[in-house]
Structures are given as structure tokens and as C-alpha cells.
1. Being β-branched (Val, Ile, Thr) and modelled with pLDDT under 95 is the filter here, so list the residues in the stretch 109-130 that pass it.
2. Quick one: count up the residues across the stretch 110-138 that are of a type in the set (D, E, K, R) and within 20 Å of Asn66 (Cβ to Cβ).
3. Considering only the stretch 90-143, how many residues are over 22 Å from the mean Cα position of the chain (by Cα), free of Cβ contacts under 8 Å to residues at least 12 places away in the same chain and more than 27 Å from Arg47 (Cβ to Cβ)?
4. Condition first: surrounded by fewer than 19 Cβ atoms within 10 Å (Cβ to Cβ) and more than 16 Å from the chain's Cα centre (by Cα). Now tell me which residues in the stretch 145-157 satisfy that.
5. Find all pairs meeting these conditions: Cβ atoms under 9 angstrom apart; at least six residues apart or on different chains; first residue within the stretch 154-178 and on the phi > 0 side of the Ramachandran plot; second residue assigned to a strand (DSSP E or B) and surrounded by 15 or more Cβ atoms within 10 Å (Cβ to Cβ).
6. Looking only at the stretch 99-110, decide whether some residue is assigned to a loop (DSSP other than H, G, I, E, B) and crowded, with 21+ Cβ neighbours inside 10 Å.
7. Which residues, taken from the stretch 203-226, are hydrophobic (A, V, I, L, M, F, W, C) and surrounded by fewer than 17 Cβ atoms within 10 Å (Cβ to Cβ)?
8. List pairs: first residue in the stretch 64-81 and free of Cβ contacts under 8 Å to residues at least 60 places away in the same chain, second residue among the small types (Gly, Ala, Ser) and assigned to a strand (DSSP E or B) anywhere in the structure, Cβ distance under 7 angstrom, at least six positions apart or on different chains.
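The values are calculated or read from the model by the stated rules, or taken from the named source; none is laboratory data. Remember, predicted model here, so these are calculated numbers, not experimental data. Using ideal geometry, Cβ is built from the backbone for each residue, glycine included, and neighbour counts are taken over all protein chains shown.
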Amino acid sequence: MVSREGRIAFPKTRVDSILRSRSGRIGRRARRGATTPDELAVQVTTRDQPGSLYQITRVIWEHRANIGYADVSPESDGHARIYLELEKVADRAALLADLSALEVVESVEETPTFAKIYGKRVIGIGGGAQVGQVALGAISEADRHNIRGERISVDTLPMVSEANLAAAVRAVARLPRARILVMAGALMGGDIATAVREVREQGILVISLNMAGSVPDAADLVVSDPVQAGVMAVMAIASTAKFDLARQRGRRY
């Protein structure tokens, strides 16, 4: 059914038809940050055995619903939890009933979507001290907007080495709901700068601290103070803020 790392294993044609790329529905819903009446999020607990995921997706296909996002978490007791965000659901009750009726399924629970609970994501990557200060600014600013109805969460990843940092930056484009990246360090360049340009081409906004190396030249905006960088990152993606990063692009503060 799935690997122990929780990866979904479909043939390429199934990947193309079921799990869309970032430029497809997953990206649009992540930017919108809200659900529509024909969308449904469910968590299915199933036996971890060959064919289980196929049976679940077959039922979804029979209802002509579309899978916008999927996450599989194998458990140590021989079960797996499958979280699905579905679109174009015509009959929610019938779909849930048909999923529950599958022999391999232990339970089906309707849940709020990740976008509704955690919302848009700010990602901070780089040196531990700088990332901590970015998080301080971002979390404080996110709290200010979230109490007014926003949903913005903050994730940080302190790490070193060019290869690790470049891989982490490229992975941001694959993270669901990721909207903006803050590069926090004292020296970053080379393949990291290339990775920054790549994720910007995929729609991720990038703020860089004013550091040595070529990463600041590759970012949308350069900010010297890490706390302020975190604050501006949240403001750039908050619907309740009047801050347009496009108008600041290329500037240094």
C-alpha cells in the first residue's frame, strides 16, 4: 500500500490524474486558504496492506470527486491513517458511507481542512540564532492577524551546509500551503541561490536577511533585522495586512 516513509506509490498516470502538481488545484487552494461547499476533508483509518489505497481512491473516483491533497501515515499496529482533501463532492453522506463500507477500512472521520486550521505557512531556513529571531517576529505578527480571523502558521528549520540548505529550499515548493520563505543566515550562496530562484519561479515569495553571498540578490526582498524579516513575511501573505511585497521587490532594508 505505502512505504514505511509514508509515500504514496502510484504509477505515473495515476499521479498525473489524482495528485496534481503545485501549479494545479493544490496550489490554488493553498493560496485561497478557504474551502467551498463541494470540498470535503476526511481521515480514513485502514489496514496497511496491498490494495487498500486503491480501493479508497476507486470509491472516490466512482463519486467523480477529485483528490486535491493526500497524506499517508503508516502506524506501528498494522494500520495506516490516510488524510484526504477532496473537491467536487456531490453527495458527502453517500461518499462517506461508501468509504466506511470498504472491508479494509476501520473508520472514516470528517475533519476540517489543513488550510482552515493551520492556514498559510511561513517557512524560515538557515542558522539557528537567526532563524530563532525570524520566528520571534513572525509568530508575534501572525498572532496579531490570527486573532482577527487569519490562519497563518510558522515553521522553522535551522541547518548548515550548502547542499542541505539548497535541498531544504527546493523542498519548500513541495510543502502544502507554503507561501513565503525567509532565508536567515550570515553567508549563503552558490546552489542555495539557484534554489531560491527556482522556488520563486514556482510562486514562493522569498525574503533574505542582509548577509554575505549571492542569496540576497536572488530574493524578492532583503531585510537586515531578522525580527523585522519575520514580521514582514507574515504581512506579505496576510489578507488582513496592507503590505504588497511586489511593490518592495528588489529593495534592501
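1. Residues satisfying the conditions are Thr111, Thr113, Ile117.
2. 2
3. Matching residues across the stretch 90-143 total 1.
4. Asn146, Ile147, Arg148, Gly149
5. If the second residue must be assigned to a strand (DSSP E or B) and surrounded by 15 or more Cβ atoms within 10 Å (Cβ to Cβ), the pairs left are Arg177/Lys120; Arg177/Arg121; Arg177/Ser153.
6. The first filter runs over the stretch 99-110 and keeps only residues assigned to a loop (DSSP other than H, G, I, E, B), leaving 101-104.
Next, from what is left, pick out any that are crowded, with 21+ Cβ neighbours inside 10 Å: none.
Scanning the stretch 99-110, I find no residue that is assigned to a loop (DSSP other than H, G, I, E, B) and crowded, with 21+ Cβ neighbours inside 10 Å, so the answer is no.
7. The answer is Ala212, and nothing else.
8. Short answer, once both residue conditions are applied: Arg81/Ser73.
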